[in-house]
Structures are given as C-alpha cells and as structure tokens.
1. Treating the beta-carbon of each Lys and Arg as +1 and of each Asp and Glu as -1, no other charges, what is the dipole magnitude of the stretch 131-226 about its Cα centre, to the nearest 20 debye?
2. Please compute the contact order of the chain in relative form: average sequence separation of alpha-carbon pairs under 8 Å and at least six residues apart, divided by the residue count, as a percent.
3. List the lysines whose Cα lies under 29 Å from the Cα of K43, skipping any in the same chain that are fewer than 8 positions away.
4. Could you state the angle between the C-alpha long axis of helix 40-83 and the longest principal axis of the C-alpha atoms of the chain, as a value from 0 to 90 degrees rounded to the nearest 10?
5. So, with a 1.4 angstrom probe, what is the percent of accessible area on the stretch 105-235 that is carbon and sulfur?
6. Compute the relative contact order of the stretch 116-235 as a whole-number percentage, counting only Cα pairs closer than 8 Å that sit 6 or more residues apart in sequence.
7. Please name whichever of L112, I97, V141 sits farthest to the positive end of the charge dipole of the stretch 80-148, dipole taken about the Cα centre and charges placed at Cβ: Lys and Arg +1, Asp and Glu -1.
8. Efficiency by 1/(1 + (r/R0)^6): what FRET value for E83 and E51, r their Cβ-Cβ distance, R0 = 45 Å, to the nearest 0.05?
Amino acid sequence: VSSQVELLLIVQERDRKIQRMEREIDDLPKRKALIEAQLDSHKRAVQEAEEVLRKGGLQQKELESEIDECKAKITKFRQQQFEVKNNDDYRALENQIEATNKAIAEIEERELVVMEAVEQAEQVRDEKSQELADEQKLVDVELGKFQERIANVERELEETRALRKRDAEAVDPEWLSRYDRIFQHVGDYALVEVDENHTCGGCHMKIPPQAVHDARKLDSMTPCMYCGRLLYSLP
Ligand SMILES: [Zn+2]
C-alpha cells in the first residue's frame, strides 16, 4: 500500500504537468502573432510598391489630359484659321499651333519617363508580391505545425486532467484538500523533500531536527514551519 505522500507525489506530478500545459496554452496567441508578424515587412514592401504604381498612374493620366487639352486647342486654332480674313492673323494662329505641338512633344517626353517608372514599379511590385507569397507559404507551414501543437497540448491536457482526477481519488480527502490549498497558494510545489542539508525544498529554510525526523513518516503531515508546504523525506 502506498503512503499518502507517495500517492500525492503522483498527483503533484500531474498538477505540475497541467500547469505547464495551461501556461503554454495561455502563451499561444502571442506565439501565433509572432509567426504572423514575419509577413509584416513583406506586406509593407508590396504596399509601398503599389503606392508608387498608383502615383505613377495618376501622373500619367494628368499628362494625358494635358495632351488632350493641347490637341483640343489645336483643333480650335485650325477652325479659327478658316475664319480669319488676313494672312497675319492666319500666321499668328499657325505659330500658336506650332507652339502647342511643341508643348505636346514635351509632355509626351515627360510621360515616357513616367511610363518607364511605372513599368519599373510594376516589376518591383511583382517581385515583392512573389516574396510575400513565398513567405506566406513558410508561415502557413509554421502555422500548420502550430495548430497541430495546440491540438496535441489540448488533448494531452485533457488526458492529464483525467489521470489527475483518477489519482486524486486514491488520496485521503484530508490530505488532498490540504495539498490543494497549499498548491494553489504557493503555485509550484505543495509537497517538498527535505534536502540533505536539512532545509525545506520549497523555501530553503533550515528545518528543526524533530521536523526532519517527522518528515520520514509518510503517512503523517509535517508542514514546514516557515512556508507551510508539506515536508517529506523518502528512505
Ligand atoms: Zn518551507
């Protein structure tokens, strides 16, 4: 027949395991966020490239509408040329047409520069999108493993809780409730071994000889006079 201390040591081992797994589960959202944050810089790079593209597209449109305005002016000048009565006026209009055509050529040159920049920005955007997609694949693999880990921990936690329940049933109720209270209060170990220097394994204070002696009796409770944990000493 096992002693109360031995029975409780099994329960305590289960409780420690449950504690570790509960902490891991609490920590999971943070770890998931860290994995997903690996994508942030890649997402930003794509966004920046798209912003450059958007601005380039706007510039191109503006230049094109400037060209359209110039062309409309030329059409108007040509109509006016039909209506003028003398050569001087006709030539003046001809000069304006010429100047406007020159202006169009200049705008078209600027448009060419913008178009080249847009083309380059498209390339950058495609590269960055590819990099993001590649990184997303890696992150997906990691997240998959992560989901697996969560499922495993949750399953193991459930199993351990069931085992804990079973093992706790073998313990004397008085011992169990004392143990539970201490465990919840101190948060690490309710049952601690007296070490070779006769100190408490929990608070490390020196234990009086009588308590060291009592700790060997595994079916009677010997609380540490300093921290309240239950002391034991295995043969
Ligand atoms: Zn102690």
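The values are calculated or read from the model by the stated rules, or taken from the named source; none is laboratory data. Here the structure is a predicted model, which is why all the values come from computation and not from measurement. All Cβ positions, glycine included, derive from the backbone under ideal geometry; neighbour counts span all protein chains shown. Each accessible area value is taken on the protein alone, full model and side chains, heavy atoms only, with ligands, DNA and RNA left out. Shrake-Rupley method; radii C 1.70, N 1.55, O 1.52, S 1.80 Å.
1. It comes to approximately 540 debye.
2. Values: 210 pairs, mean separation 65.8, N = 235.
Dividing the mean separation by the residue count of the chain yields 28 percent.
3. Answer for K43, where 29 Å is the Cα cut-off: K30, K32, K55, K61, K128, K137, K145, listed by chain and number.
4. So the inclination is approximately 10 degrees.
5. Looking at the stretch 105-235 in its full context, I get 51 percent from C and S.
6. Here the relative contact order equals 16 percent.
7. About the Cα centre, the residue reaching furthest to the positive side is I97.
8. Details: r = 49 Å, r/R0 = 1.09.
After rounding to 0.05, the efficiency reads 0.40.
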